[in-house]
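The block underneath contains the structure these notes are about, expressed in structure tokens.
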Amino acid sequence: MRVAIVGGGPAGLYLAILLLRDEPGHDVVVFEQNPRGATFGWGVVFSEDTLTELRDADYETWLDLDRHLVRWGGIDIHRHDETVRASGHGFSAIRRLTLLQRLAARATALGADVRYETAADALVLSDEYDVVVAADGVHSPTRQQLQKEFGSSDAEHGGTFAWFGTDHVFEVFTFIFRETDHGLFTVHAYPFDAGFSTFIVECDHDTWRRAGLDTMTEDDSLAFCHDLFADHLRGGRLLSNRSVWRRFTTVRNRSWHHRNVVLVGDAAHTAHFSIGSGTKLAMEDAIALSKAFVAHPGDPDAAFTDYELERQGPVERFQEAAIDSADYFLALVRGRYRGLSREQFVFNLLTRSGRILRSDLQQRDPRTVAAVDRNLRHRSSGETRLIGAPPSLASFRVGSLVLANRIALQPPPGDTAREGTPGTPEFATYGRAAATGAGLIITEPVAISAHGRVTSGSPGLYRDEHVAAWRRIVETVHGEGAVIAARLGHSGRRGATRPRQRGLDRPLRDHAWTVPAPSPLPYTPWSQEPATAEADGSVIEDVRRAAHRAREAGFDLLLLDASDGYLFASYLSPLTNHRDDHYGGDLLSRLRYPLEAFAAAHEGWGEGPVGVRLTVDDRVPGGLTADDGVELARAFVDAGAALVAVAAGHTVPRISTSQTYRRRFLVPLADRIRNEAGARTLVGGNVTTFDEIDTIVAAGRADLVVLDPVRFLEES
């Protein structure tokens, strides 16, 4: 097979090695436009797992590279004139130029024709070679020429950064956080040989501009950063290699091949430098593609298909983790985590990408985990029942209420069983939930009036006889040592539907009632057209009475429901509130009616904690954004909300295609609400393990966590 590889980076050279090792008869040519010995960047980091993969793929190459690796097991974190070392993190690094030289030497020895200072067009080569591999980097001309065919897209993530080198050798991977009058700067630094380290400086774009870096020359910005971090450089120099300021571009492609042209490495995908996976992913691409050729000799199409099936899933997961990490550092330099204690800040940093959970860190670095656990127990209210208990079992105070642990359960609706007796809750569901040991049980949506029901079987608190039914449930929950919150609300335009076991948002055929909304917009094309809500105070009075009944029933906590496209959430969103009166317009105006309802809930409830279940992001263009969500949460906290239960989406039936309901998908939003709006938060969103709860709570991303109902049903 005749193979042309466009690009002499790690992916292209390693692929040449693997192809020729597996089949010496291949004719492999590598075209590299730069001179021999020219490269951009400084050092390359590998985890121990990656090195194991390289060893298994080609032992001779691994053995050669191993002689040039610098290894370390710790991470130093410099913040507020303190240094904390986290241990147990196995990493290795190598000078990028050394990596390329060793790969090129190995490829040449196996018979590859490596041509430097030779530009090549993959489309032209595709007529001459059986296979053309585009390993031409993040700015891949091949990808740009075939953008439509590959389904290419790119987006910027993270802060503004410059990639320097230094002749100061750091002992381990090092994070530095430096406050200035301009804003916060952070450094990612690591050694890569006996004489040099990589030194990446990052900040928020506004900080970069306030510092005047937008008008500085490359030499001037080098001098600025050297002076800023002189104490940490300890007499060392900063070095530039086209070290210009930029934002990181995440590259994605729907397909990685077109005809006989295939993408590898940065040409196919990129992942933010903060998880150090770019070269790792590129060399893993080479491993997978070479194996695919072995599995399908003489059939490039089949090999390409196997390659994509093997690689696209893992790469997408890495990219999501990298985006989370990039967003984390951007939030950090903007000041989100200034209020975290030292122990919690360290734990938060180490678990930022979601790939490392508390149990992983416990194995790597038990001292760091023990420190954050002690810190959490010290800050918890009341007594933690178990000595050495994990964060999920730490107690927590909401207003005057003390919860035994941080685990919440929200049983799924049981409205089929109640269809004949609307307004009455199903006892068995809550009895099973209470027996699990969760500290907080949250009801399904509870209607404030008969016309506020979601379905014909929804429970309510709009009649006196409902109080007795709920009181029996409350007493059962209390008997198990848990507390219970009533989620009170009005369905709005999502009301008058059939029980949800018969389908979501299916309107009632008979006995439907009129549903109100801020604007006469049906929820779905087949939904009832709502009546424009009148500001006559009747719904507000229903909230007040229902809150009073909740108190009579013995509930411990009240949550006003302003989520999921129900009535109060519909007032908040510009997608559903088109009013031109006192309750429509800008965000503060759209807030008025929900805040009036919240005040009424407080009044009806009396003494004790009242919170809100709040949509903080509509997840649809033109709707509420996460920035809006922070402002909304602040407003409710200012109004006395003791807890914000974070929700997103469902304001309208669709969501943006860029949004996914992956594991813990609501946690980043809860993180913002907790650490920017100053709210005590409760979050769910496909959280299915206690390890995830431990990690979320210990990192300060939320205070209480809802265990997914699937796990609840399994345990039941």
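Some observations on this one:
- When S458 is tested against (1) surrounded by 17 or more Cβ atoms within 10 Å (Cβ to Cβ); (2) under 18 Å from H650 (Cα atoms), just one condition goes unmet, and that condition is (2).
- Test for R634: is it assigned to a helix (DSSP H, G or I) and either surrounded by fewer than 19 Cβ atoms within 10 Å (Cβ to Cβ) or not hydrophobic (A, V, I, L, M, F, W, C) (or both): yes
- Count of the stretch 566-597 residues, restricted to those that are buried (at least 24 other Cβ atoms within 10 Å of the Cβ) and modelled with pLDDT under 95, is 0.
- Of the candidates T524, T514, the single residue that is open to solvent by 30 Å² or more (accessible area, probe 1.4 Å), part of a loop (DSSP other than H, G, I, E, B), touching a Pro at 6+ places or on another chain (Cβ under 9 Å) and of a type in the set (S, T, Y) is T514.
- Scanning the stretch 69-95 for residues being outside any strand (DSSP E or B) and at pLDDT 95 or above gives a total of 1.
- Scanning the stretch 293-309 for residues that are closer than 23 Å to V28 by Cα and open to solvent by 20 Å² or more (accessible area, probe 1.4 Å) yields V294, A295, H296, P297, G298, D299, P300, D301, A302, T305, D306, E308.
- Boolean, I275 is β-branched (V, I, T), farther than 27 Å from S221 by Cα and open to solvent by 10 Å² or more (accessible area, probe 1.4 Å): no
- Looking across the stretch 134-180 at every residue that is over 19 Å from H272 (Cβ atoms) and among the charged types (D, E, K, R), the one that is most open to solvent (accessible area, probe 1.4 Å) is identified as K148.
- Within the stretch 484-511, the set of residues being open to solvent by 60 Å² or more (accessible area, probe 1.4 Å), in a loop (DSSP other than H, G, I, E, B) and either among the basic types (K, R) or within 30 Å of I441 (Cβ to Cβ) (or both) comprises L504, R506, R509.
- Residue check for F196: in contact (Cβ under 8 Å) with a residue 60 or more places away in the chain, farther than 19 Å from L349 by Cα and of a type outside the set (G, A, S): yes
- Criterion (more than 14 Å from R106 (Cα to Cα), under 36 Å from the mean Cα position of the chain (by Cα), β-branched (V, I, T) and open to solvent by 30 Å² or more (accessible area, probe 1.4 Å)) met by exactly one of V70, V44: V70
- Scanning the stretch 428-466 for residues that are within 11 Å of A546 (Cα to Cα) and either in contact with a strand residue (DSSP E or B) (Cβ under 8 Å, 6 or more places away or on another chain) or in a loop (DSSP other than H, G, I, E, B) (or both) gives V446, A447, I448, S449, G460, L461, Y462, R463, H466.
- Only listed residue being closer than 17 Å to I442 by Cα, at pLDDT 95 or above and buried (at least 21 other Cβ atoms within 10 Å of the Cβ), chosen from D703, D694: D703
- Test result for R549, part of a loop (DSSP other than H, G, I, E, B), closer than 25 Å to T514 by Cβ, over 31 Å from the mean Cα position of the chain (by Cα) and not acidic (D, E): no
- Failed item in (1) in contact with a strand residue (DSSP E or B) (Cβ under 6 Å, 6 or more places away or on another chain); (2) within 19 Å of S570 (Cβ to Cβ), with A642 passing the rest: (2)
One line per residue, one yes/no per condition, for (1) closer than 23 Å to D580 by Cα; (2) β-branched (V, I, T):
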{"residue": "S491", "(1), (2)": "yes, no"}
{"residue": "T497", "(1), (2)": "no, yes"}
{"residue": "Q501", "(1), (2)": "no, no"}
{"residue": "D505", "(1), (2)": "no, no"}
{"residue": "R509", "(1), (2)": "no, no"}
{"residue": "T514", "(1), (2)": "yes, yes"}
{"residue": "A517", "(1), (2)": "yes, no"}
{"residue": "Y523", "(1), (2)": "yes, no"}
{"residue": "W526", "(1), (2)": "no, no"}
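- Within the stretch 467-483, considering residues that are part of a loop (DSSP other than H, G, I, E, B) and either in contact with a helix residue (DSSP H, G or I) (Cβ under 7 Å, 6 or more places away or on another chain) or at pLDDT 95 or above (or both), the one surrounded by the fewest Cβ atoms within 10 Å (Cβ to Cβ): E480
The values are calculated or read from the model by the stated rules, or taken from the named source; none is laboratory data. Since we're looking at a predicted model, the values are computed, not measured. Using ideal geometry, Cβ is built from the backbone for each residue, glycine included, and neighbour counts are taken over all protein chains shown. Please note that ligands, DNA and RNA were not included when accessible areas were found on the heavy atoms of the full protein model with its side chains. Shrake-Rupley method; radii C 1.70, N 1.55, O 1.52, S 1.80 Å.
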